[in-house]
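First up is the structure itself, then whatever we jot down about it.
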Amino acid sequence: MHRQLDDRTLVSGQIHPDDVPALKDLGVTLIVNNRPDNEDVGQPEGDDIEAAAQAAGINYRHVPIARGLGPSDI
């Protein structure tokens, strides 16, 4: 499930590699993954999401935030 913030930005909870083709169909051109690897049991690894993004022609950035967003993160 995603939420559209504006005409260019969607936000979502955890995505999985098999979600990426549907994101491509929505017009997503960049995925920003803010979750650190191994944050939760069963969470996909960032490398796996990145590989799916690359296969779909979507840019990918991994910017893990482990403590919540602060001014320096923004």
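Between region 1-18 and region 28-54, the C-alpha centres lie 13 angstrom from each other.
For the chain, the alpha carbon convex hull comes to 98 Å³ per residue, rounded to a whole number. Among the trypsin sites (Lys or Arg not before Pro) within the chain, those in coil by DSSP and having at most 11 neighbouring Cβ atoms inside 10 Å are Arg8, Arg67.
In whole percent, and with a 1.4 Å probe on the protein chains, what portion of the accessible area of the chain is carbon and sulfur?
Values: 2700 of 5440 Å².
Percent of accessible area from carbon and sulfur atoms in the chain: 50.
Think of each Lys and Arg Cβ as +1 and each Asp and Glu Cβ as -1; about the Cα centre, that makes the dipole of the chain roughly 280 debye.
Dipole of the chain computed with +1 at Lys/Arg Cβ and -1 at Asp/Glu Cβ about the Cα centre; of Asn38, Gln54, Pro64, farthest Cα towards the positive end is Pro64. The residues of the chain have, on average, 74 Å² of accessible surface per residue, using a 1.4 Å probe with all protein chains present.
The values are calculated or read from the model by the stated rules, or taken from the named source; none is laboratory data. Quick caveat, the model's predicted, so the values are computed rather than measured. Every residue, glycine as well, gets a Cβ built from its backbone with ideal geometry; the counts of neighbours run over all protein chains shown. Surface areas here come from the heavy atoms of the whole protein model, side chains and all, with no ligands, DNA or RNA. Shrake-Rupley method; radii C 1.70, N 1.55, O 1.52, S 1.80 Å.
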